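Student: The structure under discussion is supplied below as structure tokens; questions concerning it will follow.
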Amino acid sequence: MAEKACKNCRRLVKGNLCPVCKSTDLTRSWRGIILVLNSESEIAKEAGITAPGKYASRVK
């Protein structure tokens, strides 16, 4: 099963519900991966990411 990206928070998910923001507004049209291990990192802060995980850098 291909991963989908949440249109709200850009989290990559395998199911039909985003575990971060609980949204069901998902898309298969995304590019690039941001892997966040520490949500306090500079990259996470700049991207607006508040929870560790895999995120899409661009979501259409």
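Student: Which of these, LEU26, LEU12, LEU35, has the largest mean-square fluctuation under a Gaussian network model of the chain (Cα springs below 10 Å)?
Tutor: Of the options given, LEU35 has the highest mean-square fluctuation.
Student: Same structure, new question: I need the Debye-formula profile for segment 4-59: one equal scatterer per C-alpha, no solvent, reported as log10 I(q)/I(0) at q = 0.12, 0.18, 0.25, 0.30 1/Å, two decimals.
Tutor: Relative scattering, expressed as log10 I(q)/I(0), comes to -0.22, -0.50, -0.94, -1.24.
Student: Still on this structure: Ignoring everything except DSSP H segments at least 4 long, calculate the 222 nm mean residue ellipticity for the chain; use -39,500 (n - 2.57) per segment, divide by total residues, nearest 500. Numbers along the way, then the final one.
Tutor: On the way: 1 runs with 6 residues, N = 60.
About -2500 deg cm²/dmol.
Student: Kindly write out, for segment 53-60 in residue order, the coupling ³J(HN,Hα) from the Karplus curve 6.51 cos²θ - 1.76 cosθ + 1.60 (θ = phi - 60°), rounded to whole Hz, with x marking Gly and Pro.
Tutor: My calculation for segment 53-60 gives x, 9, 10, 7, 7, 9, 10, 9 Hz in order.
Throughout, read-outs are computed from the coordinates displayed, never taken from laboratory work. Just so it is clear, the model here is predicted, and its values are computed rather than measured.
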